[in-house]
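The values are calculated or read from the model by the stated rules, or taken from the named source; none is laboratory data. Remember, it's a predicted structure, so these values are computed and weren't measured experimentally. Cβ placement follows ideal geometry from the backbone for every residue including glycine, while neighbour counts extend to all protein chains displayed.
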Amino acid sequence: MSEVLKIENIYKRFDELVVLEDVSLSVNVGEVIVIIGPSGCGKSTFLRCLNGLEEIQEGKVILDGEVINPVSKSTIKSREKLGMVFQNYDLFPHKTILQNLTLAPGVVQKRKRTETEEEAVNLLKRVGLENKKDNFPRQLSGGQKQRTAIARALIMHPEVLLLDEITAALDPEMVREVLQVVLDLAKEGRTMVIVTHEMEFAKAVADRIIFMDGGKIIEEGKPEDFFKAPKTERAQKFLQSFSY
Ligand code: ADP
Ligand code: MG
């Protein structure tokens, strides 16, 4: 197994508040890591530190052998290799669905419009939205918007996808359609780091579960072991708060 992403002993502080404390993690190509843990434990901050949206105070994030956080000029380019999808989609409201996909590959990667449009149409087909390409985000349901956001991340050809509670803002009937897209990506061998509160989904999609609390990784393991018999009391308590 070859390693694509390596996080070495990172610390993140907001002034006095320590949000991540000595967190290390290694992600292999094709691996799906699911991070779970109570609200406020640092999951989102961790993902943001991976792609350089947050500065770290100590430690390193290494992608393909290259340090990408601490951020330096020479490494800004490689951050494109990490695609991120957020809870609130962050689509451009005044652009069509097709334009939402083609904008970044055109501006950032200088790819030709004919090429990116063709790829965008194919990706929209894959997430079941080919008939929405000329619509605007406000004309889409939450689930459709989130599937657009996933397609928009994929068109950049990321090596790793980071998904931060992408179903948390969705009505229950739309959760499934979005999670199905992620399950398909996992089957295709996509490397992903996923933060979610959907425990059944976590169990189904993860190669490895990471349980965080208070800014630290408390426990990690295979999903079948972790969900059946969590080793730490904190993880046990956390799981008991879900009725699944
Ligand atoms: P989670 O995603 O696990 O719910 P977060 O990573 O969002 O947790 O937050 C972890 C901690 O960091 C929380 O205590 C939160 O209040 C704090 N935090 C997050 N972002 C900032 C910020 N920009 N400034 C100050 N504190 C922050
Ligand atoms: Mg969060």
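Tabulated data
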read-out: Residue within the stretch 5-28 that is modelled with pLDDT of 95 or more, within 16 Å of ligand 2 (Cβ to nearest atom) and touching a Cys at 6+ places or on another chain (Cβ under 8 Å) present; value: yes
read-out: Qualifying residues in the stretch 29-53 (those that are more than 13 Å from ligand 1 (Cβ to nearest atom) and modelled with pLDDT of 95 or more) - the one farthest from PHE242 (Cα to Cα); value: VAL29
read-out: PHE92 being farther than 28 Å from SER26 by Cα and under 20 Å from the mean Cα position of the chain (by Cα); value: yes
read-out: VAL181 assigned to a helix (DSSP H, G or I), touching a residue at least 12 places away in the same chain (Cβ under 8 Å), over 15 Å from the mean Cα position of the chain (by Cα) and over 19 Å from PHE46 (Cβ atoms); value: no
read-out: Qualifying residue in the stretch 84-97 (condition: under 30 Å from ASP213 (Cα atoms), assigned to a helix (DSSP H, G or I) and at pLDDT below 95); value: no
read-out: Some residue of the stretch 218-236 being surrounded by 21 or more Cβ atoms within 10 Å (Cβ to Cβ), touching a residue at least 60 places away in the same chain (Cβ under 8 Å) and touching a Phe, Trp or Tyr at 6+ places or on another chain (Cβ under 9 Å); value: no
